[in-house]
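**Student:** Pasting a structure here, questions to come.
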Amino acid sequence: MTKWIDITQAFSNKISTWPGDTPFQFEFAYTKEQTGSVNMGRFTTSVHTGTHADAPFHFDNNAPTIEQLDVNIYIGRAKVVDVIGLESIGREELQVFDLDGVERLLLKTAKTVSVERFPTQIPVLKENIGEFLQEKGIFLVGVDHPSVDALDDKQLPAHHALYRHGVHILENLFLQDVTPGDYELIALPLKIQGADGSPVRAVIRSI
């Protein structure tokens with residue numbers, strides 16, 4: 001039986017987060033010695049730390065929040081493609097791949113990913129990627145870095161272009177050890193009412 005591969009960044013108190021955003025912190029609220037029966041942990045975090053799904057509400061006040069999205073977006077066949085070395089990724093860069101029948105596309109952009117160090121520069125998705133993915137029937141795109149837009153971009157053209165064309169977003173996947181190819185994907189967001197995003201536990205299995 002083919003095993004599932006975990007492509008999730010592990011949460012720890014050392015995980016990087018967006019500068020100025022809420023850092024992840026886990027601690028024990030109570031120990032077994034204190035309660036007499038159980039350990040009880042608690043954590044604080046931004047919903048955009050680590051491997052996560054963006055809800056359209058993240059960048060559009062009139063768009064759906066995370067619990068309003070269909071869970072089937074995040075479950076099903078996916079294709080991992082190697083685009084390592086590209087500074088920007090759009091129609092021109094992706095049309096060289098066979099994407100016929102693909103519904104979920106995961107972009108491997110880096111040979112190595114440092115979970116504990118926030119990047120200073122990342123590959124970006126071009127605005128024309130939204131229309132291209134829609135033409136191919138792709139409704140979910142995932143990347144192995146914190147954003148689909150440049151880190152200092154306030155207009156977020158790729159986020160908006162993807163949403164206009166019905167494409168949802170996963171960020172901070174851990175793909176450095178994954179061979180390009182076809183997989184099953186499960187990357188379910190938590191059902192957080194009114195949230196602009198959510199951590200996911202992302203796993204894939206070769207098909």
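**Student:** Filter the stretch 148-178 down to residues that are without any contact (Cβ under 8 Å) to a residue 40 or more places away in the chain and in a helix (DSSP H, G or I) and give me whichever is surrounded by the most Cβ atoms within 10 Å (Cβ to Cβ).
**Tutor:** In this case the residue turns out to be 162.
**Student:** Which of the following residues is touching a residue at least 24 places away in the same chain (Cβ under 8 Å) and not in a helix (DSSP H, G or I): 76, 130, 41?
**Tutor:** Step by step, each of 76, 130, 41 is checked, and only 76 is touching a residue at least 24 places away in the same chain (Cβ under 8 Å) and not in a helix (DSSP H, G or I).
Here is a yes/no grid of residues against (1) touching an Asp or Glu at 6+ places or on another chain (Cβ under 9 Å); (2) buried (at least 18 other Cβ atoms within 10 Å of the Cβ); (3) at pLDDT 95 or above; (4) among the aromatic types (Phe, Trp, Tyr):
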site: 49; (1), (2), (3), (4): yes, yes, yes, no
site: 54; (1), (2), (3), (4): yes, yes, yes, no
site: 65; (1), (2), (3), (4): yes, no, yes, no
site: 75; (1), (2), (3), (4): yes, no, yes, no
site: 81; (1), (2), (3), (4): no, yes, yes, no
site: 87; (1), (2), (3), (4): no, no, yes, no
site: 92; (1), (2), (3), (4): no, no, yes, no
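**Student:** Moving to a separate point now. When you scan the stretch 181-207, how many residues do you find that are surrounded by 15 or more Cβ atoms within 10 Å (Cβ to Cβ) and over 15 Å from residue 10 (Cα atoms)?
**Tutor:** 12
**Student:** Looking for whichever is in contact (Cβ under 8 Å) with a residue 40 or more places away in the chain and either assigned to a helix (DSSP H, G or I) or not basic (Lys, Arg) (or both) here; the options are 113, 102. Which one fits?
**Tutor:** 113
**Student:** Also, quick follow-up: Can you name every residue in the stretch 14-30 that is assigned to a loop (DSSP other than H, G, I, E, B) and surrounded by 11 or more Cβ atoms within 10 Å (Cβ to Cβ)?
**Tutor:** 14, 15, 16, 17, 18, 21, 22, 23, 24
**Student:** Looking at (1) more than 17 Å from the chain's Cα centre (by Cα); (2) in a strand (DSSP E or B); (3) surrounded by 14 or more Cβ atoms within 10 Å (Cβ to Cβ), can you tell me which one residue 107 breaks?
**Tutor:** Looking at each condition in turn, residue 107 falls short on (1).
**Student:** I would also like to ask the following. More than 16 Å from residue 80 (Cα to Cα) and in a strand (DSSP E or B): is that true of residue 188 in this structure?
**Tutor:** So residue 188 fits the description; yes.
The values are calculated or read from the model by the stated rules, or taken from the named source; none is laboratory data. Owing to the predicted nature of the structure, the values given are computational and were not obtained by experimental measurement. Glycine also receives a Cβ, built like all others from the backbone with ideal geometry; neighbour counts cover every protein chain displayed.
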